[in-house]
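J.: One structure follows; several queries about it will come next.
The values are calculated or read from the model by the stated rules, or taken from the named source; none is laboratory data. Note that the coordinates shown come from a computational prediction; the quantities given were computed from them, not determined experimentally. Glycine also receives a Cβ, built like all others from the backbone with ideal geometry; neighbour counts cover every protein chain displayed.
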């Protein structure tokens, strides 16, 4: 469905439920779209409400779209409320350009990919609704506080999250009293992107008497872009044995006149990309010589860097 600019509301008739069918019991209610697997609804400039309840407003449309695997909702600037409350087969959900949407996300126990962009008013994400989520990309801080991070997450992208402050990621968290409890876990994470988050300052945190340390033993790619207040890379970063790709751009407090520090980078790193550092004057090539697996080195937008510091070969 694309570009029905005059459409404002979809009611129960969309589900083949007639207003004259009030006598139907829940067992008699038809199950519409029972074979539909992909639904894309885009550029609905006037659509304000998606009715997800049958007439009377008491029975949620939990049986609708039983086989739907992919749902894309894009550019509904006036949509204000209601999404399907439950999508049992959904694997991928993408919502983009729904600035007035205040609904909660549907419960989708099989969903493993979630993209959210320009939907600042949405309800916070409840992890329990997505137990096997593996990939998430959000452009707003929509995660609830004080909850376990998605336990099976392999790819996390946080883009322009203005209120995002820290990533609590140690599976074993010690308090001042010496007790331990399960907290946020990134032990399955293989890809992490953090971009344009001005309040993010450190991977390590002290919070309410608890010490949090970044722990991602399976991390392969780390991308840090335009983080103006990030002060340091993860502690003991050299121990990230699986890390192969590192991108650091426009993080002024991470890179000053010289880069990298001795012993900072993992020895198996194969791809290094840095850029946007006007104060950078020296590359510590002796440190780079320890990166025996390095295949690609990219340095951009560093106008004061002298390449005389690099060996001829």
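J.: It is to be established whether one or more residues within region 297-310 are touching a helix residue (DSSP H, G or I) at 6+ places or on another chain (Cβ under 9 Å) and crowded, with 17+ Cβ neighbours inside 10 Å.
T.: Within region 297-310 (the criterion being touching a helix residue (DSSP H, G or I) at 6+ places or on another chain (Cβ under 9 Å) and crowded, with 17+ Cβ neighbours inside 10 Å), the answer is no, since none of the residues qualifies.
J.: Counting only residues that are crowded, with 16+ Cβ neighbours inside 10 Å and either at pLDDT 80 or above or in contact with a strand residue (DSSP E or B) (Cβ under 6 Å, 6 or more places away or on another chain) (or both), how many does region 105-151 have?
T.: Adding up the residues that qualify gives 24.
J.: Restrict the check to region 216-224 and report whether at least one residue is crowded, with 21+ Cβ neighbours inside 10 Å, modelled with pLDDT under 90 and assigned by TED's automatic domain parsing to the domain that holds residue 301.
T.: The answer is yes, given that some residue of region 216-224 is crowded, with 21+ Cβ neighbours inside 10 Å, modelled with pLDDT under 90 and assigned by TED's automatic domain parsing to the domain that holds residue 301.
J.: For the structure I just gave you, tell me whether residue 246 is assigned to a strand (DSSP E or B), surrounded by 13 or more Cβ atoms within 10 Å (Cβ to Cβ) and in the same structural domain as residue 214 (by TED's automatic domain parsing).
T.: Considered against the rule, which asks whether it is assigned to a strand (DSSP E or B), surrounded by 13 or more Cβ atoms within 10 Å (Cβ to Cβ) and in the same structural domain as residue 214 (by TED's automatic domain parsing), residue 246 comes out as yes.
J.: Might you check whether a residue that is out of contact with any strand residue (DSSP E or B) (no Cβ under 6 Å at 6 or more places or on another chain), surrounded by fewer than 17 Cβ atoms within 10 Å (Cβ to Cβ) and modelled with pLDDT of 90 or more occurs anywhere in region 257-267?
T.: no
J.: Next question. Tell me, yes or no, whether region 220-235 has at least one residue that is farther than 22 Å from residue 160 by Cβ and in contact with a strand residue (DSSP E or B) (Cβ under 6 Å, 6 or more places away or on another chain).
T.: Scanning region 220-235 turns up no residue that is farther than 22 Å from residue 160 by Cβ and in contact with a strand residue (DSSP E or B) (Cβ under 6 Å, 6 or more places away or on another chain).
J.: Only one of (1) modelled with pLDDT under 90; (2) closer than 18 Å to residue 222 by Cα is not met by residue 308, so which one is it?
T.: Exception for residue 308: condition (2).
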